[in-house]
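**Q** My questions will all concern the structure given below.
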Amino acid sequence: MAFETIVYGSVTLYDLLMVTVILIIAVVIAKGVALNLRRGLRDKVSKEHLPIITRVVYYSIIIIAVLSVLPMLGVHLSGLLVAGGIAGIVIGFASQSVVGNLISGFFLQVERPMKLGDAVNIAGITGVVEDIRIISTTLRTFDGLYVRIPNEKVFTTEITNYVAHVARRLEYVVGIRYSDDADKAIEIIRELTEEHPLTLKHPASDIFVDNLGDNAVNIMVRIWVPSTEWYKVKMELLWKIKTALEAEGIEIPFPQRVVWFANGLRSRE
């Protein structure tokens, strides 16, 4: 469809004055909105993304103002609007996922459920956040793999942030033999946790007999540590608990079964 511009009558000086005033007001409003947006999102959006967002908002207001004053100048872009509407529908279907990712990326920048360097789990993928772009988010898995996730998927799925809070709890289940002294084992484990420089006093550690298993008395060990040191402390304490219990003669039992015969065993002659 050809572009068609229709001009009705002549444009008066009053019309030009009104157009000028409207455009000036639109520029003032656009600058004010952009400034407030920049201040409001300063601590929520990365420095490289904030200028893009403010420019989009600023020029959107200006474009809306320009389109609104065109009829006052006798310009009616009916043909262009129809053609643009058809093209917009086609482009909309073709770029639906792109627009969804763009909008999701904007909301992720505002909400900020994670930041660069955080250890997270997104849609079953665990890794460290390398980059948060407008369209996609990049993770580096603990295997060293590069994973790019579309922001629409990131925004609509559960995000587990392992370091969002200062403290994180680690747990062990330590099994000892029924013949061993459970109180002594608990005391040994408690001393080890209190001596470790990275375990937290508040919240306090929780160590207790959790259940009586088939082969062992299971002791539950719950300790709070700094989130950034969680893995390191978990590995260190696990080995120290094992060696300390063995040094005191407390063993971690292996699976065993007792077989009972109702009539006893008969020996062959």
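**Q** What list do you get for Thr228, Thr54, Thr156 if you sort them by fewest beta carbons within 10 Å? Let's see the in-between values first.
**A** On the way: Thr228 14, Thr54 20, Thr156 11.
By the 10 Å Cβ count, ascending: Thr156, Thr228, Thr54.
**Q** Hey, can you grab everything whose amide H is under 5 Å from the amide H of Glu251? Only 5+ residues off in sequence or another chain; H modelled, so Pro and N-termini drop out.
**A** Arg177
**Q** Let me ask something additional. May I ask you to derive the FRET efficiency for Glu130 and Asp43 from their Cβ-Cβ distance with R0 = 30 Å, giving the value to the nearest 0.05? Could you put the intermediate results ahead of the total?
**A** Working: r = 21 Å, r/R0 = 0.71.
Between Glu130 and Asp43 the formula returns 0.90.
**Q** State to the nearest 20 debye the size of the charge dipole of segment 114-161 about its Cα centre, where the only charges are +1 on K and R beta carbons and -1 on D and E beta carbons. Could you put the intermediate results ahead of the total?
**A** On the way: 5 positive and 6 negative charges, 20 e Å.
Roughly 100 debye for segment 114-161.
**Q** HN-Hα J couplings of segment 141-149 from phi, Karplus 6.51/-1.76/1.60, θ = phi - 60°, integer Hz, Gly and Pro as x?
**A** In residue order, the calculated couplings are 5, 6, 8, x, 8, 9, 10, 9, 10 Hz.
Taken together, the values in this text are just the output of simple stated rules run on the coordinates, not laboratory data. The shown structure was predicted, so the numbers you read here are calculated from the model rather than taken from an experiment. Neighbour counts run over all protein chains shown; Cβ positions are idealised from the backbone, glycine included.
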